[in-house]
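The values are calculated or read from the model by the stated rules, or taken from the named source; none is laboratory data. All values derive from a computational prediction rather than experimental measurement. Methodologically, a virtual Cβ is constructed for each residue, glycine included, from the backbone with ideal geometry; neighbour enumeration extends over all protein chains shown.
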Amino acid sequence: MQTTSDEVLLERIANGDRLAMQVLFTRHHVRAYRFVLRLVRNEATAEDLISEVFIDVWRQAGKFEGRSAVSTWILSIARFKTLSALRRRGEEELDDETAGAIEDHADDPEITLAKKDKSAAMRQCLTKLSAEHREIIDLVYYHEKSVEEVAGIVGIPEATVKTRMFYARKKLSELLKEQGIDRGWP
Amino acid sequence: MNAVRNAANGGERSDIEDLLPWHAAGTLDARDMQRVEAALARDPELARRYELVREELAETAHLNETLGAPSPRAMAALFAKIDAEPARRPSGSTDLGVRIREFFAALSPRTLAWSASAAALAIVLQGALIAGLVIKEKRAGGYETASAPTTLAGVGTYVFIRFAPEVSAAEITRFLATNKFSIAGGPSAGGLYRVRIATAKLAKPDLDRIVKASQQDKVVGFIAATE
């Protein structure tokens, strides 16, 4: 069975079709929520932001030009909303310095236990990355965005996307090394 | 910055190594994918690093999947906001376009193939009918019968058409299909066909406009409105 494409749903949404909005929301809200949650680290805030993201989708549907995938467009809106919310609250910004300042390298019991399990340790370290690094790791690995798409979402050149990904991975390796897991790279 | 990376990884390798995360995620284009696969095949160290990338991808996916989903509150809040928005007036033309695309998008390739075949068969059958009528007319020599009016009687707007003698049955079929005309009877004396041009009674100005437009088509030798 073939499903209605996201693009067709957006055209219907532009005409005020609530059912199409429901379908598009059902299709994309979980991933968008997870993307936001990884940045704001607060479930209630993430939920509020998700409804803000999709009300923007509802309002802007007629302006979607199809130059990117709909999922990429939604993530771009989600990122913008998240950054705006973080700025309003005067909390964490998406840059290394601020994010780095709130990183907690304390070796709590959970981490101690995680050391025994490389996979769990890796997941623990993924949560310790700066917001900027978490964002790019998630976009590439979980949201399966190409270099070009990440560049569009984050608003940086493609070469910078590759460089930032390299340093995010490098930081991840360093965090693992701090936990006694040496991957032999970089 | 690149110098540090190049020193750590070695010139060309750095470029290829940069692509490993996207290769693991399957989001490279064909050219880059081939470049990476060729490099992986000839470089065991790069292949070892690729395994590290795959581990990262697996754990990132695992981590995200454990984040759960928003509660129904998110959707309720969204639709409360939508309800508070001013109502929109659908654009008819866009709506029709969307519906047409949705209709064809919803059909499976097999259904589409069958539909196309059925449409082709219908055109062939209509062509054959017209050809049969023309042949019948020619066999009769100079003698033409006034055949009884058939089919499609009732409401609608009708004209008499004599098709140009040099046109093929396929061209007549195309003309009828393009204009959504149907042959309702004929041929009568003089090779005239009674053709329905609308399912409703048209106003005279509209009828005159269609007659005039049809006269321009090379398929039509003669056309006249009927009462």
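Limited to region A:50-81, what total is found for residues that are within 13 Å of the chain's Cα centre (by Cα) and aliphatic (A, V, I, L, M)? Don't jump to the end; show me each part of the working.
Step one: list which residues in region A:50-81 are within 13 Å of the chain's Cα centre (by Cα), which gives A:50, A:71-81.
Still in the list and also aliphatic (A, V, I, L, M): A:50, A:74-75, A:77-78.
Summing the residues that are within 13 Å of the chain's Cα centre (by Cα) and aliphatic (A, V, I, L, M) in region A:50-81 gives 5.
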Completion exercise
Okay, helices (runs of 4 or more DSSP H) sitting entirely in region A:1-80 with 3 or more residues that are in contact (Cβ under 8 Å) with a residue 60 or more places away in the chain, I get A:6-14, A:18-40
Problem - Conditions (1) farther than 23 Å from A:Arg134 by Cα; (2) among the aliphatic types (A, V, I, L, M); (3) in the same structural domain as B:Asp15 (by TED's automatic domain parsing): number failed by B:Met75 - result: (3)
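Take B:Arg54 and tell me if it is in contact with a helix residue (DSSP H, G or I) (Cβ under 8 Å, 6 or more places away or on another chain) and at negative phi. I'd like the intermediate steps shown before the answer.
On the way: in contact with a helix residue (DSSP H, G or I) (Cβ under 8 Å, 6 or more places away or on another chain): yes; at negative phi: yes.
Taking the combined requirement at face value, the residue satisfies it.
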Completion exercise
Flagged pairs (Cβ under 6 angstrom, 6 or more apart or on separate chains; first in region B:211-227, surrounded by 13 or more Cβ atoms within 10 Å (Cβ to Cβ) and modelled with pLDDT of 85 or more; second among the hydroxyl-bearing types (Ser, Thr, Tyr) and part of a loop (DSSP other than H, G, I, E, B)) are none
Fill in the blank from the handout: A:Leu172 vs (1) under 16 Å from B:Thr60 (Cα atoms); (2) within 10 Å of chain B (Cβ to nearest Cβ); (3) at pLDDT below 95: all pass except (3)
Fill in the blank from the handout: Quick count over region B:204-227, residues being over 15 Å from B:Tyr158 (Cβ atoms) and outside any strand (DSSP E or B), is 9
Exercise for the section: Kindly check whether there is at least one residue in region A:130-146 that is of a type in the set (A, V, I, L, M, F, W, C) and surrounded by fewer than 22 Cβ atoms within 10 Å (Cβ to Cβ). Expected result: no
Handout entry: Residues of region B:17-35 classified as closer than 14 Å to B:Arg54 by Cα and either more than 8 Å from chain A (Cβ to nearest Cβ) or surrounded by 15 or more Cβ atoms within 10 Å (Cβ to Cβ) (or both), total
Key = 10
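Name the residues in region A:8-19 that are closer than 13 Å to A:Val70 by Cβ and facing chain B (nearest Cβ under 9 Å), would you? Before the answer, list the steps.
Taking region A:8-19 and keeping what is closer than 13 Å to A:Val70 by Cβ, we get A:8-14.
Within region A:8-19, A:Val8, A:Glu11, A:Arg12, A:Ala14 meet the criteria.
Does B:Ala87 fit the bill of being at pLDDT 90 or above and surrounded by fewer than 13 Cβ atoms within 10 Å (Cβ to Cβ)? Working first, answer last.
Working: at pLDDT 90 or above: no; surrounded by fewer than 13 Cβ atoms within 10 Å (Cβ to Cβ): yes.
No; evaluated as a whole, the condition is false for this residue.
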Practice task
Return the total of residues in region A:115-135 being in a helix (DSSP H, G or I) and either within 9 Å of chain B (Cβ to nearest Cβ) or closer than 13 Å to B:Leu63 by Cβ (or both).
Solution key: 12
